[in-house]
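Structure first, commentary second.
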Amino acid sequence: MSRPYRAGWLLLLVLSAAHGAEPGQQTELSSAKQAPATVQKTSNPADARASLRIIALAPHIVELLYTIGAGAQIIGTTEYADYPAAANDIPRVGSYAGLQIEKILQMKPDLIIAWRSGNPVTDLERLQQYHLNVVYSDVTRLDDVASALRNFGRLTGHEASAEQHALAYEQELQRLRATFAKRTPVRVFYELWSRPLTTVAANAWPQQQLTLCGADNPFAQLNQDYPGVGLEQVIVSMPEVIIQPSHQGNNSIDADAVNWQRWRTIPAVKNGYIIHPDADKLHRMTPRALDEIGLLCEQIDHAR
C-alpha cells in the first residue's frame, strides 16, 4: 500500500492500542455520557430510524453500515472509507488527523458514530459540546464485530439484516477457531512496518488473528500491542513464516520493506513462506476480515 495510507492506518492501530478497552471492558457503542455499552432498544419505529442522517467517522463504521443495508443513510465520513465502492461518493468531513467541525455542524446529522481510538479526542469533545447525538464504536476484539453489527441494526432499524450478518460472522469465526487454533504452532513474524521495524503483540488486532491461526509469534508477550523490534531479534527467532501485508492483496509492498532474501538461513526465506495478505481486509474490523484471515490461516498451515 502507499506509504501515506499505511502510515495513517498504523497510527490508528497504535492509537487503538493506547486508548482502546482493556480485555473484558465493554465500550462498544457507548454514549458520550459513558452509558452502558449495549444500546438500549429505541421506541422509534424502524422506518423512523431508517431515515436518520448519519455521519460515520471511520472506514469500518461505514462498511458495517453498508453491510446491514444502512449505507444510504450516511451523509458524511472520513478519509479511507472506500468500501464498498459507493462509499467513495460520501462527502468527507475529516481524517484520523482531524475533523471538520464546522462542516459537520452545517450537515445537521441526526446521529454521529465515532471511533474513540481513531478520532481526535479534542474534536470529539467539541462535538459533544454542541449537544450532537454521538455514540462510539470501539471494536477491539474479533468477537466485537458481531456486537457492532447488532448495535448498528438497533440504531438504524435494520435489526433483521444485522442479526443475519452477525450470526454468519460468529459461525465463520467459530469455524476458523475450531479448524486452526489448536494446530501445531508455527513461528511467525508479522512485519507491520519496516522503518522503524514494528510488529504486533499482546492484544493487537493482528495478533488476535495470529492466535486464531495457531501461529506462534515470538514477540507476542511484549507489553505493547505494536512494539518496535530489532532486526537481529527477528533473525535469531528464526520464523518459519514472515507476513508482509500488502495493499489490496496485490503483492505490492513498500519499497523500503525489509528484503528478507538477504538472510537465506531463516526458515521462512529458505522455504518460500513470505506471504502478503490484503492489509485493507485484515486491518479493518468488519466481516470481510474473516475471508482474509481464513486465507492467512491456510497459508500458515502450509508451513506446518
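Please treat every number below as a calculation from the coordinates, not as lab data. These figures come from a predicted structure and were not determined experimentally. Because the Cβ atoms are built from the backbone with ideal geometry, glycine has one as well, and the counts that use them run over all protein chains shown.
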query: In what sequence do Val258, Val121, Val93 fall when counting other Cβ within 10 Å, fewest first?
result: Val121, Val258, Val93
query: For the peptides 179-185, 192-198, what is the packing order when you average, over each peptide's residues, the other Cβ atoms within 10 Å and list the highest mean first?
result: 192-198, 179-185
- prompt: When averaged across all projection directions, what area in nm² does the alpha-carbon convex hull of the range 181-301 cover?
  reply: 6.9 nm²
- line: Once amide hydrogens are built 1.01 Å from N within the peptide plane, the residues lying 5 or more places from Gly94 or on another chain with amide H under 5 Å from its amide H are Glu79, Gln100
Peptides ranked, highest mean first, by Cβ atoms within 10 Å: ranges 205-217, 271-283: 205-217, 271-283
Dipole magnitude (debye, nearest 20) for the range 213-304, charges at Cβ of Lys, Arg, Asp, Glu: 200 debye
message: Highest mean first, how do 57-69, 136-148 rank when packing is the count of other Cβ atoms within 10 Å averaged over residues?
response: 57-69, 136-148
Relative contact order for the range 181-301, counting Cα pairs under 8 Å that sit 6 or more residues apart, in percent: 27 percent
task: Kindly state, to the nearest 0.05, the FRET efficiency for Arg183 paired with Asn88, given R0 = 30 Å and r defined as their beta-carbon distance.
output: 0.15
statement: For the range 220-237, in residue order, the Karplus 3J(HN,Hα) values (coefficients 6.51, -1.76, 1.60; θ = phi - 60°; whole Hz; Gly and Pro = x) are 4, 8, 5, 7, 10, 6, 10, x, x, 9, x, 4, 4, 4, 5, 4, 5, 6
